[in-house]
Each structure stands twice: as structure tokens, then as C-alpha cells.
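Notes follow the structure.
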2 protein chains.
Amino acid sequence: MKTTEGSQTNNQELVSALLSFLTDEQVSINETILDLHSKDESYHKGSHPDIVVYPKNASEVSQIIQKAGEFQTPIIPFGVGSSLEGHVIPYKKGITMNFTEMNRILEVKEEDFLVKVQPGVTRSQLNKELKKYGLFFPVDPGADATLGGMAATNASGTTSVKYGVMRDQVLDLEVVLANGEIIHTGSLAAKSSSGYHLNGLFVGSEGTLGCFTELTLKVYGIPEFQMAGRATFPTIDDAVGAVVGILQAGIPIGRVELVDEASINQVNLFSETNYEIKPTLFLEFHGNEAGLQQDVEFMREIVADFHCQDITFETDTAARNLLWDARHNLAYAYVHGYPGKKMMVTDVCVPISELAGAVTYARKCLDEINLIGGLTGHVGDGNFHSLVMIDLNNEEEVNKAKHFNEQLVLYALEKGGTCTGEHGVGVGKMKYQEQEHGKALEVMRNIKNVLDPNHILNPNKVIPFNSEGES
Amino acid sequence: MKTTEGSQTNNQELVSALLSFLTDEQVSINETILDLHSKDESYHKGSHPDIVVYPKNASEVSQIIQKAGEFQTPIIPFGVGSSLEGHVIPYKKGITMNFTEMNRILEVKEEDFLVKVQPGVTRSQLNKELKKYGLFFPVDPGADATLGGMAATNASGTTSVKYGVMRDQVLDLEVVLANGEIIHTGSLAAKSSSGYHLNGLFVGSEGTLGCFTELTLKVYGIPEFQMAGRATFPTIDDAVGAVVGILQAGIPIGRVELVDEASINQVNLFSETNYEIKPTLFLEFHGNEAGLQQDVEFMREIVADFHCQDITFETDTAARNLLWDARHNLAYAYVHGYPGKKMMVTDVCVPISELAGAVTYARKCLDEINLIGGLTGHVGDGNFHSLVMIDLNNEEEVNKAKHFNEQLVLYALEKGGTCTGEHGVGVGKMKYQEQEHGKALEVMRNIKNVLDPNHILNPNKVIPFNSEGES
């Protein structure tokens, strides 16, 4: 067993119980290991688990959860810790279950466009394997997250405008429930009207209803032809209007990202580039060559109606990457431009007709609090992020950032949107659940209570009971 | 109040309670009305409700459900009665809630590609309105069902290979729960990771968890250019292989339907046409002209690899309809070819790699029982139907058809598929829920029990308790 002198021995009985079916290497109370599992990539403060375990299969996961039930101690599933709202932070301590050892791609069902994986497989690991078959997995949240974690948060990203979010890709999950039972939530059929839709319920449940031990996911043929585009506009309104026009024309966008002036400026500062400091759209199209050439001509007309000042298209891989350079380097330009500061990322999603207003409002609020930051958006979905740089030791900065985050959430809810488009609730968005869901929150509480009556699964996350909220 | 002499007066107290907030026109115990609400389009035997009500808004729906709760009597939501597994048949009697009076299109949010409708709006009614905006709603189950009913069964049909199923279109539902509470299950945001996914849970719940009073649905721009195709193959294996090849090539299919020899023959007999009696694929493609022309060339190569004997494409509307004529007339050719007989429709869905085997097996079983029938499939999804003509008064025929249905279900489950791809469980597929879902069925039972503890919402449907099953 991995341990260090000075580690707490309060949990010795639980450790012994775990060691009755796990090896020494699978159970750790080593301080460094506990520290690695005390935080995620968010600005939320950390907290150590009591124990970290490394299960190798569903049967071990089941036994661990049963032991946690006997000891009335929390279970927190953990992928690579790239969550952004404190999802994996063990505020109530307990056992963090690290899925590193369950990282096998079990089967590529080429003809069915399906893949079966363990939860610890990362996105890039999967795509490397799929490439051999001419296939790819489209969901791209930026981080090289595990697929288990991506399913737990219903992650999405730049490609969801075309391929959908994580929930759209899940055909079946093997899930270990709070009582240790192992269930399957779906089948291998591409569609079904049989029974209640447990796939959808468990995806996005952030470890609060069960732990995933196997995922069956849809995969796609690598598009024959890809084209990238970059277009600048005088205003954000124009840029968003152009996107709506393109969508209404039925042009199949693969990705469409908005980057604001401040963020282009930050990239220029950091990368010593000279991009025009204008609201910019980064576009990608997947299809065949003749079709995309016709689409390009149509698009030039549409963006001209929205006062586009410059539009460029590229087709070969290197030129496409260069064209998207400013978008790719955006987070990097902020994070590495301000050493010592941490990035807080907002995540509201609004109806697309409200997007221009929401982005303008966000820019105004960000200017008012006078913190460094910029905006980028998955414009086709109405989801955008503010990247705000804060010093976590500076209480005033942290509070300003939290206030700003709240301003955006309240604005989005007012417009019929959601407090989180793709990052999930974790602890950071719990306090908005009541306002967003109203009486539906009681339905969610009932579901949590009936599936995990003792609240051992990632407790105090997602669904607030009593007056729980942000840490 | 609509009534007839001789109608039962056992429910007089409940009727009086309903009339305390509904008008006479909204409450009926007229025998003809009860009879119209005693059955659906399936082969399942009918049963009269006690009362039929016609609510006009969510508040009335809530009050009706609360009254049903007080009187411990079932509530059965009813659209147009086009369900195929006995979903709306009131086997436990009670109140059938007919949504005819809630059939308004409340809002077309053009820029957001959303529409807000009441549950009684039919598919064709919606598409007629959307056409004015250059938009359309893609889910097409064949029948001109209500959108409330389509959401309740997670309906799909010929276009789901491109646009997804009903569940994929629902952004928000207004739902009245068993306790009369009115909740919203989603928001107007195109995506969200906030809270549990109640949209997905309520879609497909077949009236057993709540009654829908409003739906917010995705809509799409009418494609710039459409092309239809028809191709014949020597074997079903070849036809299915060609579909997999087209999908793997990433060619964006709008619809792809397989029709077997027996069904082509039936169309020829009925319509006095002369289609070649071969396994036939009916295809439809949505995109731009240049792109589809390039796709056609590619497709000709792919289908040639699968021994295609004849392939034709058409682009103008009349020619496209003519090309698809045999597919469109299929059900009609059976139903009107055998007056006095009723059509039983099977509905399994298997992984696409298992589809050719499943269709071949179905054909063999159908030949063995020696009933009239044919096969048609939504091949891109692995979902296919056997259309079997039976005389409901001939017990032997009915039993043979039920046995055949069961053979297909067991085959599909064996291959990792589902007992129902798009029709839903109703009463007809209840007895397969245990085998399909295993221990997950207990999770479904827990959800039903916690959301509808007295089982007043469409009782004895979808989720079997004890040894409930087919009527």
C-alpha cells in the first residue's frame, strides 16, 4: 500500500476492509496522492479525500461502493481531474476512485459505428485508435479528459453544433449503483423506445447516481474533406447574425467559434502575431469538396450582409491549423500570459437569438470589474465562456470574479438559458439549481434519494439539499 | 355534458367533481365517445375508460390529475390514438384525457430554430405552419400523430438516420406530475449540463410519469436541394452492406428504407405496377446540388461493390415522389389488399451489423407461420418492421403473429438490440422489459414509484410490476 509517515490512520479499519479484496498498489493514503486528488482545474478550494483507490474492473468498483456504504463514507469518481466546477473535490472526504487502471478500449465495432471503452480512456487515446479505422470521436471539450468524466458531466465543446454533446453519443453505460448492483442503461441499438431513458439520466449525473465502468459510444467516419475559415466583423452582433444566417441556409457547420477583440489582442501580445483586433469567427466545415465549394460561395454572400470585413478559407491541414491559430492559442495566451493567476471560466448557454446581447453584456460587466479576461463562444449552440484571470490569494479579485459569474448566470436564466452549457454543476453551480429548475428540482431530489438514499455517491454535488451551495 | 341514455352512472361523483371546474362540453360519458377512446391502431384488445375529458390548459390538466388522485382512478393521456402497442387503452378504466382542445402552435422562434406547441398539435399541422418560415420538423412516424404522443413514445421514423429521434428534438417540456405540480424539464438553451436530464426521462415515458402540456422542439431549415434514389439488389445482405458502405463514406443520408421482395410484390398486386421483385433500397439525400452530385458518383461505385442491379436518382419533387411510390404505398397495399384483416407491426432494432441476419431470420419465420406479410426497415438505424396481416377473430392467426413477434424480439435481444425501436412498450412489450433491461428495470420501477406512488398515471404500462405483461 502506498503510504507516508504521518498519514492519518483514522481510516485504518476502512483501509483494511478495502485491502481484503484490493492489492496494496490499489489503495493509497500517501499524502502526495491525496493532494493530487484534492482539486480539479477550477478556482474552487481543495479538500483531501481519506483514501484513493484504483479499481481494475466493475466487480472491484462494486465491492468498493459496498464497503463505502457499510462505512457510510463518500465515493468520488475521478478521471484526470480536468473538471471546472469542483466536481471531483471531496469536500466530505471519503474514498476517491481513480479510474486510471480502467483505461482499455474494449472493442471497435466498425460496421456499427460504435466503440466500447472503459471509463479511464482519454479522448486523444480513443481518437488515436479510431484513426486506424478511418473513424473519429467528435466530442472535444479542450482538455484531454477521460470519457467517463466527459459522460459524467455531459461534456461537449467546439463540434457539438454538428455532432451533438456527450449525451448524444452514449448508447449504453455499465453503471455501479449505490447498492453495488451493476446495471446497463441501454443497448447496442442505434435507437430505442424501450423503458425509461436511463442513458440520458446517468449522463450528466456527475457521479451522484452511480459510477460508470464501461461506455458504448457512437463514432463517425472521418470526413472526406474539411475546410477551415476565419472571418472578422465590425461588431459581435454582426458576427452572431452571420452564424444564424449560415445555420438558416442549412450549411453544415462542423465548428463555429467566436473570439472577442480582447482575446485576439491577448493572443497578439502573447504570440507576437498581428491579427486584426476585431470580433472574429473561426469556422470549420466537413463534407465533400464540390459541396463545400458551393457552400463557400453562398457563405460569402451571407457574411457580406453582416458587414464581414475579411474572410479566408483554407483546406489543407497545415493551412487550416494556421488559420485557427488564434483560437487554439487563446487559453494558453491567457494562462501563460499571467503567471501566478488562475483562470476562472464562465459557462452559460442562451438561445441563439439572445447570444449577441449576452456577449455584449458579459463584456460590459467584465470591463466594470476591471479584471483581465476575454470571451469565446461556441456560437452555433449559444454557449460562451468568459476567461477571467484571478489571483486566488486576492480575496477581492476572487469575489469580483464570482460576482461576474453570477451576473452572467442570472442574465442567462432570465433569457431562458442555462447556468452551465457544458462544464456541469459540480459545487459551483449548485446555488442556481433552484432558480433554473424550479419545482423540477424536487423531481431530481426524489431521484437522488431513491437511487442513493444515504448520499454516499459524490455527496453535496449537483443537487442541493437544504441550503447547500457553492463552497 | 356529452352523455347517452344507458351510460354508466357509477362515476357520477367523479363526474360532478370534474364539472366543478370543467364545462359540460369538456366531460363525456357518451358511449360512442368512450368507444372511440377504447383502442389504438394496434391488434391489442380494447377497453373503455369511465370518462373522457378535454382540458384546455395546464391548470385544468393539473386539477384533473389531482381529482384522479383523490378518487384513486387512472389518468390516460390521449392524442389521436395512433399508438401501436396499446399505450392509450384504459385497461384499468379511469379518465382518458384527450388533448384535442390543446392544439395551438404557441410560438415559432425562427432565429433559435425552436417551436413551442401544445401537445395536441399534429405533425402535419406543425409542418404546414413551419413551411411559411422555410423550416420543417423532421420526425415522421408515418401516422399524423400528435407531438405530445410522439414525445410520449419517443417516436421516430424514416428521417431519424439524419435528424435523430423525438427525444433529440425536445428542449423543454411542461409536465403535470402525479401530484398536480407543473414543472419544466429543460430550457431554451440548445445544450445544458445543469441538473439531471429530465427531458430524456419524460420523453418515452408514455404517460406513466406525467402529462405533457407544452413542448419546445427543435426545427430545421428546409434543405436547399433534395434527391431521391431507388436501388435494387440480388440479396438483402447486399442491400444492407451497401447502406453500411454509404454511411462509412460519410455521405449524409436523409432517409434510407429497405423493402423486401414480398412487399414489392404486394405493391405490384395492389397498385398494378411492375416494380422488379428484388430487395430494394429507397434513399433520400439533403444538401446542396454540387455536393449531392459528387455524392451520387461515389454512391454508384459503392452500390456496384454490393452487386446493385439498378439505381436511379431523381431531383424534382414529382419525380422523387414517383420513385418512392412503392415505399409510400406499402402499408396501404397490405391494409387495403386484405379487407377485414388487421395489421400487426413488429418493431425490433438491432446493431446495423446484425440487420441483414435479423431481416433474413424474420423472413424465414414469417414464411414458416404462413401468414401474409412483408418487411420494411429504417436501415440506417437497424430498425425494421414486419407487417403481418391477421384476422383478429381468428385465434390461431393472432397466436401465430404473437409468436412471430416474440421470435423477433428474442432474436434482437440476443444480438444486443431492443424490443422496440420506435413504437414504444405500451402493453405489448412489457413482458420483455425484464429480459432487455435486467437489473436496470428495478431503477425504472423506483423512478415510477417515487414520481407516481399510487400508480394513477397510465397504470400497467411500460414498467411491469409483479407479473404484469401483455394483455
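The values are calculated or read from the model by the stated rules, or taken from the named source; none is laboratory data. This structure is a prediction, so every number in the text was calculated from the model and none was measured. Note that we place each Cβ from the backbone using ideal geometry, even for glycine, and neighbour counts take in every protein chain shown. The protein model used for the area step is the full one, side chains on, heavy atoms only, and it has no ligands, DNA or RNA in it. Shrake-Rupley method; radii C 1.70, N 1.55, O 1.52, S 1.80 Å.
Assorted remarks:
- Those helices (runs of 4 or more DSSP H) lying entirely in the range B:360-451 with at least 3 residues under 21 Å from the mean Cα position of the chain (by Cα): B:395-414, B:433-437
- Residue list for the range B:199-229, filter: among the charged types (D, E, K, R) and surrounded by fewer than 24 Cβ atoms within 10 Å (Cβ to Cβ): B:E214, B:K218, B:E224
- Residues satisfying the stated conditions in the range B:275-291, i.e. within 14 Å of chain A (Cβ to nearest Cβ) and either basic (K, R) or open to solvent by less than 20 Å² (accessible area, probe 1.4 Å) (or both): B:F285, B:H286, B:N288, B:G291
- Residue in the range A:452-470 that is assigned to a helix (DSSP H, G or I) and either charged (D, E, K, R) or out of contact with any Gly (no Cβ under 8 Å at 6 or more places or on another chain) (or both) present: no
- Selection from the range B:184-203 of residues that are facing chain A (nearest Cβ under 7 Å) and outside any loop (DSSP other than H, G, I, E, B): B:H184, B:L198, B:G200, B:L201
- Which numbered condition B:T153 fails, given (1) more than 7 Å from every other protein chain (Cβ to nearest Cβ); (2) β-branched (V, I, T); (3) touching a residue at least 40 places away in the same chain (Cβ under 8 Å): (1)
- Subset of the range A:326-355 that is open to solvent by 10 Å² or more (accessible area, probe 1.4 Å) and in contact with a Gly (Cβ under 9 Å, 6 or more places away or on another chain) - its residue that is farthest from A:A242 (Cα to Cα): A:M343
- Residue check, B:E110 touching a residue at least 24 places away in the same chain (Cβ under 8 Å), more than 13 Å from the chain's Cα centre (by Cα) and more than 28 Å from A:G421 (Cβ to Cβ): no
- Test for B:F202: is it of a type in the set (F, W, Y), closer than 30 Å to B:S59 by Cβ and either in contact with a strand residue (DSSP E or B) (Cβ under 6 Å, 6 or more places away or on another chain) or not assigned by TED's automatic domain parsing to the domain that holds B:E111 (or both): yes
- Scanning the range B:249-270 for residues that are open to solvent by 20 Å² or more (accessible area, probe 1.4 Å) and within 12 Å of chain A (Cβ to nearest Cβ) yields B:A249, B:G250, B:P252.
- Taking residues in the range A:422-435 that are within 7 Å of chain B (Cβ to nearest Cβ), and partners anywhere that are assigned to a helix (DSSP H, G or I), the pairs with Cβ atoms closer than 7 Å and at least 6 places apart or on different chains are A:H423/A:T153; A:G424/A:T153; A:V425/A:Q433; A:Q433/A:L441.
- Candidate set from the range A:151-163 (those that are assigned to a helix (DSSP H, G or I) and touching a strand residue (DSSP E or B) at 6+ places or on another chain (Cβ under 8 Å)); member that is surrounded by the most Cβ atoms within 10 Å (Cβ to Cβ): A:A152
- Residue list for the range B:164-195, restricted to those being out of contact with any His (no Cβ under 8 Å at 6 or more places or on another chain), under 30 Å from B:G377 (Cα atoms) and either open to solvent by 30 Å² or more (accessible area, probe 1.4 Å) or free of Cβ contacts under 8 Å to residues at least 60 places away in the same chain (or both): B:G164, B:M166, B:D168, B:Q169, B:V170, B:L171
- For the residues B:Q248, B:Q293, the requirement of being within 30 Å of B:G221 (Cα to Cα) and more than 29 Å from the chain's Cα centre (by Cα) singles out B:Q293.
- B:V348 meets each of the listed conditions (1) free of Cβ contacts under 8 Å to residues at least 40 places away in the same chain; (2) not assigned by TED's automatic domain parsing to the domain that holds B:D260 apart from (1).
- Every residue from the range A:136-150 that is within 11 Å of another protein chain (Cβ to nearest Cβ) and open to solvent by 10 Å² or more (accessible area, probe 1.4 Å): A:F136, A:P141
- Residues (within 11 Å of chain A (Cβ to nearest Cβ) and in contact (Cβ under 8 Å) with a residue 60 or more places away in the chain) located in the range B:292-309: B:L292, B:V296
- Matching residues in the range B:144-162 - criterion: being more than 18 Å from A:K191 (Cα to Cα) and among the hydroxyl-bearing types (S, T, Y): B:T146
Table: residues versus (1) closer than 20 Å to A:L281 by Cβ; (2) surrounded by 24 or more Cβ atoms within 10 Å (Cβ to Cβ); (3) assigned by TED's automatic domain parsing to the domain that holds A:C349.
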| residue | (1), (2), (3) |
| --- | --- |
| A:E368 | no, no, yes |
| A:I372 | no, no, yes |
| A:G377 | yes, yes, yes |
| A:F384 | yes, yes, yes |
| A:E395 | no, no, yes |
| A:V398 | no, no, yes |
| A:K402 | no, no, yes |
| A:A412 | no, yes, yes |
| A:G416 | no, no, yes |
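- Test: residue in the range A:97-106 that is in contact (Cβ under 8 Å) with a residue 24 or more places away in the chain, touching a Lys or Arg at 6+ places or on another chain (Cβ under 8 Å), farther than 19 Å from A:A152 by Cα and open to solvent by 50 Å² or more (accessible area, probe 1.4 Å): yes
- Filter result for B:D452 (acidic (D, E) and either more than 13 Å from every other protein chain (Cβ to nearest Cβ) or closer than 25 Å to B:A145 by Cα (or both)): no
- Selection within the range A:257-279 - in contact with a Ser or Thr (Cβ under 8 Å, 6 or more places away or on another chain) and either closer than 30 Å to B:L292 by Cα or charged (D, E, K, R) (or both): A:E257, A:L258, A:D260, A:E276, A:K278
- Count of residues meeting criterion [of a type in the set (D, E) and in a helix (DSSP H, G or I)] in the range A:164-179: 1
- Counting residues in the range A:204-224 that are in contact with a Ser or Thr (Cβ under 7 Å, 6 or more places away or on another chain), more than 9 Å from chain B (Cβ to nearest Cβ) and not in a helix (DSSP H, G or I) gives zero.
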